[in-house]
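Here the structure is laid out as structure tokens; the discussion comes afterwards.
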Amino acid sequence: MKTGYPPQAKGSLMMKTTSIVIPLLFALAGAAQAQLVSVQLKTAEGADAGSVTVTESPAGVLVHVEAKGLTPGWHAMHFHEKGDCSDPKLANAGGHINMIDHKREHGLLAVGGPDHGDLPNLYVAADGTGKTEVFSPFVSLRNGGGRPVLLDADGSALIIHANPDDYTTQPIGGAGARVACAVLK
């Protein structure tokens, strides 16, 4: 069967293609790896509460949360301005991420909102576990593009609250106490 290549060219072409494709695959894998951060989620007491993975996209971030050990029901989630979960009330994480020169009202359903840290609620089942994947067009992991950057000099935090966010009430939608935190640095 004729292929159009002389027999001696087949091996040479294969070597050239392999020498180009393999480094390209490693470069792409490295670029993809550099565009995500995966961190542990901890309770206010410091216990393991699951994991959070944030992946950069051209238009925002994809957030994957696997929570455990939380009370059943709906819980608010927000990005907070500092990557610091060191105090018992998780207050060192600061307020919601919200650009100083482009401040918005809190709430996904609020007139004048949402602020840059707003995320949909997380549902936790009767066994204390919750798993969700949500997209936020309001922030960036590293690239900015006119959006606040999560991995800036002091990092940021994903906070889970005791209650659901009603998406309209100021300042935090009735979300209540901070019960879990993931440091993004």
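Structure notes:
- Residues located in segment 145-177, provided they are of a type in the set (Gly, Ala, Ser) and closer than 27 Å to residue 48 by Cα: 153, 155, 156, 157, 162, 173, 174, 175, 176, 177
- Qualifying residue in segment 79-91 (condition: among the aliphatic types (A, V, I, L, M), at pLDDT below 90 and in a loop (DSSP other than H, G, I, E, B)): no
- Residue match in segment 93-112 (condition: in the same structural domain as residue 54 (by TED's automatic domain parsing), in contact with a strand residue (DSSP E or B) (Cβ under 9 Å, 6 or more places away or on another chain) and either modelled with pLDDT of 95 or more or closer than 17 Å to residue 40 by Cβ (or both)): yes
- Close Cβ contacts (under 8 Å, 6 or more residues apart or on different chains) running from residues in segment 43-61 that are assigned by TED's automatic domain parsing to the domain that holds residue 91 and assigned to a strand (DSSP E or B) to residues that are crowded, with 17+ Cβ neighbours inside 10 Å and of a type in the set (D, E, K, R) comprise 48/42; 48/68; 49/42; 49/68; 50/68; 60/147.
- Residues (surrounded by fewer than 20 Cβ atoms within 10 Å (Cβ to Cβ) and of a type outside the set (Gly, Ala, Ser)) located in segment 71-81: 71, 72, 74
- Residues being under 12 Å from the mean Cα position of the chain (by Cα) and either under 18 Å from residue 165 (Cβ atoms) or not assigned by TED's automatic domain parsing to the domain that holds residue 94 (or both) - total across segment 62-82: 6
- Selection over segment 93-133 of residues that are among the aliphatic types (A, V, I, L, M), crowded, with 22+ Cβ neighbours inside 10 Å and in a loop (DSSP other than H, G, I, E, B) gives a count of 2.
- Residue ID - modelled with the lowest pLDDT, chosen from residues in segment 146-183 that are outside any loop (DSSP other than H, G, I, E, B) and surrounded by fewer than 24 Cβ atoms within 10 Å (Cβ to Cβ): 149
The values are calculated or read from the model by the stated rules, or taken from the named source; none is laboratory data. Note that this is a predicted model, so its numbers are computed, not measured. Glycine also receives a Cβ, built like all others from the backbone with ideal geometry; neighbour counts cover every protein chain displayed.
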